[in-house]
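The values are calculated or read from the model by the stated rules, or taken from the named source; none is laboratory data. Predicted model, so just to flag it, every value in this text is computed and none were measured. A quick note on method: Cβ atoms are made from the backbone with ideal geometry, for glycine too, and the neighbour counts reach across all protein chains shown. Calculation scope for accessible area: heavy atoms of the full protein, side chains included, ligands and nucleic acids excluded. Shrake-Rupley method; radii C 1.70, N 1.55, O 1.52, S 1.80 Å.
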Amino acid sequence: EAGVAQSPRYKIIEKRQSVAFWCNPISGHATLYWYQQILGQGPKLLIQFQNNGVVDDSQLPKDRFSAERLKGVDSTLKIQPAKLEDSAVYLCASSLVLGTAQYFGPGTRLTVT
Amino acid sequence: DAKTTQPPSMDCAEGRAANLPCNHSTISGNEYVYWYRQIHSQGPQYIIHGLKNNETNEMASLIITEDRKSSTLILPHATLRDTAVYYCIVRVQSGSARQLTFGSGTQLTVLP
């Protein structure tokens, strides 16, 4: 069974630029999550989807971050404009349904200079 | 979700059992104990979860005390590839929108 796919794996941008990350969850998984992991810390949830609907985006900085999962499968996370403090690994995870074990992708390492 | 407390770091000799403790004294009756690990430069990996009975799978065993206030993750024969940060998380299971809240975890180093 294929795991969660993410791209790109690495991205370097200057502050105030825009960036987008892509995630393809495990086939059949209804729930998709985006996490931010700053160096030395545990992952922090940004947003979670159930199919194509948002379940929780309470920790998403909505002035600059946006995410969508239009067809209930793939998802994109966008940052516009980026700040230095956005430098982190962005992890995507999926689970069969809400509340069950989550399976993570390899992450995208973002460096904002 | 209940808060967990884990030691920041532990060492274990290769081939020996690694026992990783977790305290969750404020756990509620419907909260499960989940364990994940994160190997350097990879995403977290699900290991095991349980409610009150001990659980075992191909990766590890989970021992939960009778009062459910603490648990231990056991890797029976640790290898160098088990070196990782191990996260203990408690949360309500299905039907809940509650997020996984990762703490700082335990850095396990398996020594040759």
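Quick notes
- Pairwise FRET efficiency - A:R9 versus A:N51, Cβ, R0 = 30 Å, nearest 0.05: 0.65
- Surface share of carbon and sulfur [accessible, 1.4 angstrom probe, percent] for the protein assembly as shown: 50 percent
- Distance between segment A:36-78 and segment B:21-94 - C-alpha centres, whole angstrom: 25 Å
- Three principal axis extents of chain B based on alpha-carbon atoms, in descending order, are 41, 30, 24 Å.
- FRET efficiency estimate (nearest 0.05) - Cβ-Cβ, A:K62 to B:L80, R0 35 angstrom: 0.25
- Proximal lysines relative to B:K3, as straight alpha-carbon distance under 26 Å, when same-chain residues fewer than 8 apart are discounted: A:K44, B:K52, B:K69
- Interface B:A - total buried accessible surface [probe 1.4 Å, Å², rounded to 100]: 1500 Å²
- Estimated from the Cβ-Cβ distance and a Förster radius of 25 angstrom, the FRET efficiency linking A:W22 and B:E14 is about 0.05.
- For the options A:G28, A:G42, A:G72, a Gaussian network treatment of chain A with springs between C-alpha atoms closer than 10 Å singles out A:G42 as fluctuating the most.
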